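Enquirer: Okay, here's the structure, questions in a sec.
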Amino acid sequence: QVQLVESGGGLVQAGGSLRLSCTASGRAYSRLNMGWFRQAPGKEREFVTAISWSDIAYYADSVKGRFTISRDNAKNTVYLQMNNLKPEDTAVYYCAAGNKVVVKASVAYDYWGQGTQVTVSS
């Protein structure tokens, strides 16, 4: 079992920045792929970014150049640095962990955090 705890959400103006953190406990974190997904009201959950256990990063087109994912295996933590935030980034952001190959699909992840709200005002 893996437990994931997110932090760092909040309210920010358009153009601002936030950094989300997700700390894992339980199984060997360093061998897990880690992902961030988000869900806006009335919309389906969507892929944002992921980082493989081998440190390969993947991004949705909508966040490329603005968001950066990184991981610190010594701290069992994955980070999501979000810059130049836009109102359309407003959503609940979920951290996920898994070990399947297709990292951009939610079905690739077995463990999920409780989510953290990010609100971007215009």
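The values are calculated or read from the model by the stated rules, or taken from the named source; none is laboratory data. The structure presented is a predicted model; accordingly, all values stated were derived computationally and were not measured. The protein model used for the area step is the full one, side chains on, heavy atoms only, and it has no ligands, DNA or RNA in it. Shrake-Rupley method; radii C 1.70, N 1.55, O 1.52, S 1.80 Å.
Enquirer: Conditions first: (1) open to solvent by 50 Å² or more (accessible area, probe 1.4 Å); (2) under 12 Å from Thr116 (Cα atoms). Glu88 passes all but one, so which condition is the exception?
Expert: That leaves (2) as the condition not met.
Enquirer: For a quick check of your reading: which strands (runs of 3 or more DSSP E) sit entirely within segment 1-51 and have at least 1 residues that are more than 17 Å from Ser106 (Cα to Cα)? Reasoning before the result, please.
Expert: Values: elements: 2-7, 10-13, 18-26, 33-39, 46-51.
Of the strands (runs of 3 or more DSSP E) lying wholly inside segment 1-51, those with at least 1 residues that are more than 17 Å from Ser106 (Cα to Cα) span 2-7, 10-13, 18-26.
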